[in-house]
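The structure appears below as structure tokens.
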Amino acid sequence: MTPEDLEHADLLLDLDGAVATITLNRPGARNAQRPRMWAGIARILEELGPEVRVVVLRGAGGTFSAGLDLGLLDPARPDEDGNFIAVLELDDQAIIDRIGIYQRPFALLADPRFITVAVVEGHAIGAGFQLALCCDLRIAAEDARFCMKEPALGLVPDLVGTKPLVEAVGYSRALEICASARVVSGAEAGEIGLAQVVVPPSELDAALAATVTALTAHPHGAVTATKALLREAPARSLDDQRLAERTAQVARFRALASG
């Protein structure tokens, strides 16, 4: 993407060897999301080269993301780019298809080509929470604030966040978090499995550096194949998972033998 494309998408991109850092860059709006941002994230992820092993997602200005830009729900702003009120003029299938496009960057974060890490400070609300959930790992500040706000707005979470939330904390806790739309602190996120690393805000960068070092320390092919096995395990029977493991191992043996 060109610098102009990134600016239009409200994103920053830093490529440093095996690490790509995508920064949501609307600090004046607490990194509120809109469709142009989602399209930009999808394009970045699709265009990353094979040398990238870790994708870091974070927000500018001391907060991850306050969620959807609520201006897009304002009927007084029908001409706003991506206004959802205008979308309601479409038939149901067209709306479903449109949301499918919006979901694409969230789903792409599961790509086995790389490991995705959300660095969460400040707010991760609604779409922000779901963006963090779709990453493989989450590093959170102790005082970060996660909230699935959609039910409080009369909506449902629809940006690929429900499955990883249930997988992280279980059905009952996921339901409680969503139905109550309560705030989960970074400290609690660590306790219940939402975050894998929780540190004081001043230690986020050091924690990220240590995590990236650990994630890139071993052969890339082995790590990506293991990610694929783990990602697909919940949908497989034990026998199917055993077969997947054996098949993946043959590929690893061949790769090692060929040097």
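Laboratory data are not the source of any read-out in this text; all were calculated from the coordinates shown. Worth saying up front: this structure is predicted, and the values here are computed from it rather than measured. No Cβ is skipped: glycine too gets one built from the backbone with ideal geometry, and neighbour counts run over all protein chains shown.
What to note about this one:
- The phi torsions of segment 207-220, fed into the Karplus equation with coefficients 6.51, -1.76 and 1.60 and a -60° offset, translate into couplings of 5, 5, 4, 5, 5, 4, 4, 5, 6, 9, 7, 10, x, 4 Hz, rounded to whole numbers, with Gly and Pro shown as x.
- Helix 35-47 and the longest principal axis of the C-alpha atoms of the chain enclose an angle of approximately 20°.
- Extension gain for Arg36-Ala251 works out to 73.5 nm (0.36 nm per residue, less the C-alpha to C-alpha distance).
- Taking Met37, Met148 and counting other C-beta atoms within 10 Å, the order from fewest to most: Met37, Met148
- Computed lengthening from Val156 to Asp81, 0.36 nm per intervening residue step minus Cα-Cα distance: 24.8 nm
- Counting only alpha carbon atoms, the long axis of helix 238-257 and the longest principal axis of the chain meet at about 60°.
- Maximal additional length on extending the Arg182-Ser202 stretch stands at 4.7 nm, based on 0.36 nm per residue less the C-alpha distance.
- Efficiency of FRET from Cβ geometry, Ala94 and Glu47, R₀ 30 Å, rounded to 0.05: 0.60
- Separation between Cα centres of segment 1-47 and segment 106-138, rounded to whole Å: 14 Å
- Here the spin labels are modelled as points 7 Å beyond Cα on the Cα-Cβ line, and at Ala235 and Ala110 they lie 0.6 nm apart.
- Cut-off 14 Å (backbone N to label point 7 Å along Cα→Cβ of Glu167), residues of segment 196-223: none
- Each residue in Phe114, Phe64, Phe253 was given a count of other beta-carbon atoms within 10 angstrom of its own, and listing them fewest first yields Phe253, Phe114, Phe64.
- Residues of segment 35-55 with an amide N closer than 14 Å to a point placed 7 Å from the Cα of Leu15 along the Cα-to-Cβ direction: 43-55.
- Calculated over the chain, the projected area of the Cα convex hull averaged across directions stands at 15.4 nm².
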